[in-house]
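Data first, discussion second: the structure below is written as structure tokens.
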Amino acid sequence: MKAFTTVTSRAVVLDRPDVDTDQIIPKQFLKRIERSGFGEFLFFDWRKDPDFELNHQSGRILLAGRNFGCGSSREHAPWSLQDYGFDVVIAPSFGDIFRQNSLQIGLLPVQLPAEQVQQLMERARAGEELTVDLEARTAGGFPFELDDHTRQRLLEGLDDVALTLREADAIAAFEAAHPAPLSTVSLG
Amino acid sequence: MAKTLLDKIWERHVVRPGGDGPDLLYIDLHLVHEVTSPQAFESLRLAGRPVRRPDLTIATMDHNVATGDDTPIDPLSQQQLDTLRDNCAAFGVPLYATGSGREGIVHVIGPELGLTQPGITIVCGDSHTSTHGALGALAFGIGTSEVEHVLATQTLPQRKPKSLRVTFVGEPAPGVGAKDYVLAAIGRLGVDGGVGHVIEFAGPAIEALSVEGRLTICNMSIEAGARAGLIAPDETTFAYLRERGVPRRDDWRDLSSDADAVFDREVEIDVGAIRPQVTWGTNPGMVASIDDVVPEPADEAAERALTYMGLQAGTPIREIAVDRVFIGSCTNSRIEDLRAAAAVVRGQRVHPSVRAMVVPGSAQVKAQAEAEGLDRIFVDAGFEWRRAGCSMCLGMNPDVLQPGERCASTSNRNFEGRQGAGGRTHLVSPSIAAATALAGHFATA
Ligand code: SF4
């Protein structure tokens, strides 16, 4: 995962609620077995509409409506947003799995109250550049919440698997104390 | 202090408390399918890491498989299936491949094989992992990076979600069941009403349901935004497990929320007031009773949904004609679902303008249905009877809607294009789907 640095950029306004991951990256692109190259398929069906928001705006920050990224667990959704060029998505709320997936790959999901997101949308429409500072935990000047652990991991670009493997002893101790309730191998 | 069922399962699985950050949670069962795993295995390979517990991991093929005898799948789908087979062989993960007799939709085979058990933690790279909560397991969907994390460490850093209890009271009217309960609940909560929460479904109407009905309910927790659904295990659960060769265990005791446990939120729903449900829009919260009309759009999103769905506000739902009927998916493809649909279609014919299909959720469900003669009932009525898989729930395989086609579907998502670009999906129960196939428009049995 690449380390997250402060972003200052124009923002793309996508003021729609409940944008689901089926729209962000439709199923036909889930057949690829690679992690990269999804950006060109981002919002594949919606982009056929010349009026679609992404067709006439650009920037590294996406300003979205509530419950952004609801639906399927496909990490292809954050992959495609990141590959397209977004570093940050700001919304009043996110689908839980989408948010988690984004944090895994260093696409920063910023949750702000709906009124503040609306204000940022107005500022973005007026052409203002916004700054998202993860160190200070601010977006367009508004403070947002993110726990220290996750923030540090994003700032340093640390791999969660490597971090957890440092806990191998604790995991082994847990396994010793809690015999597995089932086995998939013994099913034959 | 009084605890919820979520509290109890969570506490049993904390390897290391996280303090301000996430807890490190142990995972008892990891289900794997072909779509969300290739990149995870590839990362393990690149880092030279093994799968820590292949004996707690199981893979199946479901999303891409062809369900008809005559339908070849495209090379990319084949590559994804081959990749899963190679990865399972290389990393020692048991695989129920197509043709093994045990394959099927990942959320159908877990309970069916007795792997889904009370009190355990289950993850899968699939949002409908919430299904398994019906047996009292804490089960939630994860993304591919997390799949890799679980393969490598058998753990996951997680923050504990908040708790929401939905209590179903009352007696349902005839023809109203689990699918209607959960659609009504999503209509009430909204598609983001459960975000950040685990929903515990409780109350007498839940206790009266079979395990299969409970699976349908927990399956759709994610459609209310909740990552997991939970139902406290009871005698019904234990009997279901016993039939699958899983004897009752001591640690299943005390797997219920304490009487005085406090939930972050509580909602009560009277099932006596629920009529059969039909969605009219492009998310599962856009739902009405079959006796209602298509509602006036309340906002821009609803307007967009009606345009996409090709519907006029004020149209009686029963007058909406359909082109296709799909009975299947991890929501409603188990034996009881097929029995309910077969009871409606027995001796009747599918409407001439409708193409209808039944896709059992697993090879075992298919075999059981055939042993009971359900396949004949469907085929004689003019349904296509297919092999197990996700099929037209998401159309990653040859089963898709054509642009503009309207479908009554027993699946869980009516998102734009979900069943095929331009396709229009209405979510219903198996008996409504069956009655609709016969009538050519939405109908009750
Ligand atoms: S049946 Fe549909 S919802 Fe269920 S796992 Fe398959 S694609 Fe996902």
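The values are calculated or read from the model by the stated rules, or taken from the named source; none is laboratory data. Just so you know, these numbers come straight off a predicted model, no measurement behind them. Counting neighbours? That spans all protein chains shown, and the Cβs are built from the backbone with ideal geometry, glycine included. To get the accessible areas, we keep the full protein, side chains included, count just its heavy atoms, and leave off ligands, DNA and RNA. Shrake-Rupley method; radii C 1.70, N 1.55, O 1.52, S 1.80 Å.
Data table
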{"read-out": "Separation in nanometres of the label points that stand 7 Å from Cα toward Cβ, at A:ARG125 and B:THR71", "value": "4.4"}
{"read-out": "Residue (of B:GLN117, B:ALA152, B:LEU164) at the positive-pole extreme of region B:103-168, dipole from beta-carbon charges", "value": "B:LEU164"}
{"read-out": "The protein assembly as shown: Lys pairs at Cα distance under 14 angstrom, eight or more positions apart or on different chains", "value": "4"}
{"read-out": "Sequence-distant residues sharing a close amide H with A:ALA11 (under 5 Å, placed H)", "value": "A:LEU130"}
{"read-out": "Over region A:1-112, equivalent-ellipsoid semi-axes from the Cα gyration tensor in Å", "value": "18, 17, 14"}
{"read-out": "Surface share of carbon and sulfur [accessible, 1.4 angstrom probe, percent] for region B:192-325", "value": "48"}
{"read-out": "Cβ-based charge dipole, region A:6-177, positive-most Cα from A:VAL7, A:PHE68, A:PHE44", "value": "A:PHE44"}
{"read-out": "Contact order relative to length of region A:6-177, as percent, for alpha carbon pairs under 8 angstrom and 6 or more apart", "value": "24"}
{"read-out": "Scaled radius of gyration (Cα, divided by 2.2 N^0.38 Å) that region B:297-345 gives", "value": "1.59"}
{"read-out": "Solvent accessible area, Å² - B:TYR308, 1.4 Å probe, full protein context", "value": "50"}
{"read-out": "FRET efficiency, A:GLU40 to B:TYR308 (Cβ-Cβ, R0 35 Å, nearest 0.05)", "value": "0.90"}
{"read-out": "Phi to ³J(HN,Hα) by Karplus 6.51 cos²θ - 1.76 cosθ + 1.60 over region B:273-287, Hz, x for Gly, Pro", "value": "8, 8, 9, x, 9, 9, 7, 10, x, 10, 8, x, x, 8, 9"}
{"read-out": "Distance in nm between pseudo-label sites at A:HIS178 and B:ALA273 (7 Å out along the Cβ direction from Cα)", "value": "4.0"}
{"read-out": "Pair A:MET1, B:ASP234: separation of 7 Å Cα→Cβ label points (nm)", "value": "4.2"}
{"read-out": "Relative contact order computed over chain B (Cα-Cα under 8 Å; 6+ residues apart), in percent", "value": "17"}
{"read-out": "Computed magnitude of the charge dipole of chain A (debye, nearest 20; Cβ of K, R +1, Cβ of D, E -1)", "value": "400"}
{"read-out": "Longest to shortest principal axis, alpha-carbon extents of chain A, angstrom", "value": "60, 39, 26"}
{"read-out": "Average projected area [Cα convex hull, chain B], square nanometres", "value": "20.7"}
{"read-out": "Value at 222 nm in deg cm²/dmol, rounded to 500, when DSSP H runs of n ≥ 4 in chain A each add -39,500 (n - 2.57)", "value": "-9000 deg cm²/dmol"}
{"read-out": "Unit charges at the beta carbon, dipole of the protein assembly as shown: most positive-side option, B:ALA90, B:ALA313, B:ASN283", "value": "B:ALA90"}
{"read-out": "For chain B, calculated [θ]222 nm from helices alone, where every DSSP H run of n ≥ 4 adds -39500 (n - 2.57)", "value": "-8500 deg cm²/dmol"}
{"read-out": "Three-way shape label, region B:256-344, alpha-carbon gyration tensor, a/c 1.5", "value": "oblate"}
{"read-out": "Using alpha carbons only: equivalent-ellipsoid semi-axes of the protein assembly as shown, gyration tensor based, whole Å", "value": "34, 30, 24"}
{"read-out": "Under-5 Å amide H pairs with B:ASP23, H placed in peptide plane, nonlocal only", "value": "B:GLY18, B:GLN158, B:ARG159, B:LYS160"}
